[in-house]
1. If you go through segment 16-35 one residue at a time, do you hit one that is of a type outside the set (Phe, Trp, Tyr) and free of Cβ contacts under 8 Å to residues at least 12 places away in the same chain?
2. For segment 197-218, which positions are open to solvent by less than 20 Å² (accessible area, probe 1.4 Å) and part of a strand (DSSP E or B)?
3. Name the residues in segment 117-127 that are part of a helix (DSSP H, G or I) and open to solvent by less than 80 Å² (accessible area, probe 1.4 Å), would you?
4. Can you tell me which residue within segment 78-87, out of those that are open to solvent by less than 30 Å² (accessible area, probe 1.4 Å) and away from ligand 1 (no atom under 16 Å from the Cβ), is modelled with the lowest pLDDT?
5. Given the conditions (1) within 16 Å of ligand 2 (Cβ to nearest atom); (2) of a type in the set (S, T, N, Q); (3) modelled with pLDDT of 95 or more, and given that residue 197 satisfies all but one, which numbered condition is not satisfied?
6. So, residue 57, is that one more than 24 Å from residue 148 (Cβ to Cβ), touching an Asp or Glu at 6+ places or on another chain (Cβ under 9 Å), of a type outside the set (Lys, Arg) and within 16 Å of ligand 1 (Cβ to nearest atom) or not?
7. From the list 162, 169, 213, which residue is away from ligand 1 (no atom under 16 Å from the Cβ), touching a Ser or Thr at 6+ places or on another chain (Cβ under 9 Å), in contact (Cβ under 8 Å) with a residue 12 or more places away in the chain and under 21 Å from residue 79 (Cα atoms)?
8. For residue 221, work out the one condition from (1) open to solvent by 10 Å² or more (accessible area, probe 1.4 Å); (2) closer than 26 Å to residue 27 by Cβ; (3) more than 17 Å from the chain's Cα centre (by Cα) it doesn't fulfil.
Amino acid sequence: MEIHFQNIGKVWPDGTPALHEVELTVPAGQFCVLLGHSGAGKSTLLRCVNGLETPTSGGVCIDGQPVDRTSLPALRRRIAMVHQHFGLVPRASGAANVMAGAVPVMPLWRVLTGLYPAASRRRVCDLLKAVGLDEVHLRRRAEQLSGGQQQRLGLARAFMLDPAILLADEPVASLDPALAREVLGLLKAQAREHGSTVLCSLHQLDLARAFADRIVALHRGRVIFDGAPDTLNTRD
Ligand code: ADP
Ligand code: ADP
């Protein structure tokens with residue numbers, strides 16, 4: 001699905017400005033990196049897509065449809081999110097954490113009781129393999145896994161919905177460089193092979209350069225660069 005940010009502005013109730021006139025269209029299937037220092041507005045912009053934040057001015061359209069209270073329930077079945085600190089349920093098993101990704105389309109009691117349909121159970125196993133985990137990690141509690149394994153679990157949970165849009169908020173900020181590259185490779189593959197529109201915030205220029213189809217650099221809530229990675233001049 002295509003994401004269109006239409007002249008988005010955001011000012012927090014305490015008067016802190018977060019976004020200024022951000023105008024941006026991210027086509028379906030693109031791996032677009034939002035690059036910027038902490039506080040640049042990346043997280044706020046991402047969160048406007050799935051309604052976790054509301055812009056003060058302007059709006060977001062997805063495939064031409066405005067994101068609002070009416071459209072959000074249906075959109076949330078198509079949008080998944082990956083977080084810097086993974087956002088897993090620490091004491092729940094790996095399997096339950098991945099299955100939780102299906103909550104928008106599956107009754108919560110199924111996740112809580114472990115009574116999943118066989119097809120969902122197979123999907124959890126397939127997804128775990130795809131992100132480089134195996135059966136052992138299914139049964140272990142999330143808190144017993146390493147940071148890298150936890151983020152792989154976070155990705156598998158996000159892939160569970162086969163999301164048309166995947167929002168990744170600093171997904172590799174807590175990982176060492178080798179793991180960071182692996183996780184970004186998996187996100188890129190989700191765009192390439194499954195056609196998901198992936199919008200991913202990063203603060204590392206080298207990683208953005210190596211993986212992005214397109215880099216949008218934000219500084220103090222404004223877009224200061226928008227283009228292919230090889231056209232980004234480091235002096236900018
Ligand atoms: P980034 O993701 O690039 O680090 P954020 O979108 O989190 O940036 O933050 C953009 C600006 O908005 C920062 O100045 C931040 O301090 C501020 N901000 C973020 N969340 C809130 C909030 N809930 N209330 C007030 N200010 C906020
Ligand atoms: P992250 O780990 O994603 O970078 P932050 O430290 O930016 O998290 O923000 C943590 C929480 O605090 C978020 O919910 C954010 O909205 C809120 N927040 C960030 N900056 C401010 C601020 N200046 N005033 C109030 N809340 C803020």
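1. yes
2. Selection gives 197, 198, 199, 200, 201, 202, 215, 216, 217, 218.
3. 118, 119, 120, 124, 125, 127
4. 86
5. For residue 197, the exception is condition (1).
6. Against the criterion (more than 24 Å from residue 148 (Cβ to Cβ), touching an Asp or Glu at 6+ places or on another chain (Cβ under 9 Å), of a type outside the set (Lys, Arg) and within 16 Å of ligand 1 (Cβ to nearest atom)), residue 57 qualifies.
7. None of the others qualify; the one that does is 162.
8. Condition not satisfied by residue 221: (1).
The values are calculated or read from the model by the stated rules, or taken from the named source; none is laboratory data. Quick caveat: nothing in here was measured; it's all calculated off a predicted structure. With ideal geometry, Cβ positions are generated from the backbone for all residues, glycine too; neighbour counts draw on all protein chains shown. Heads up: the accessible areas ignore ligands, DNA and RNA and are worked out on the full protein's heavy atoms, side chains in. Shrake-Rupley method; radii C 1.70, N 1.55, O 1.52, S 1.80 Å.
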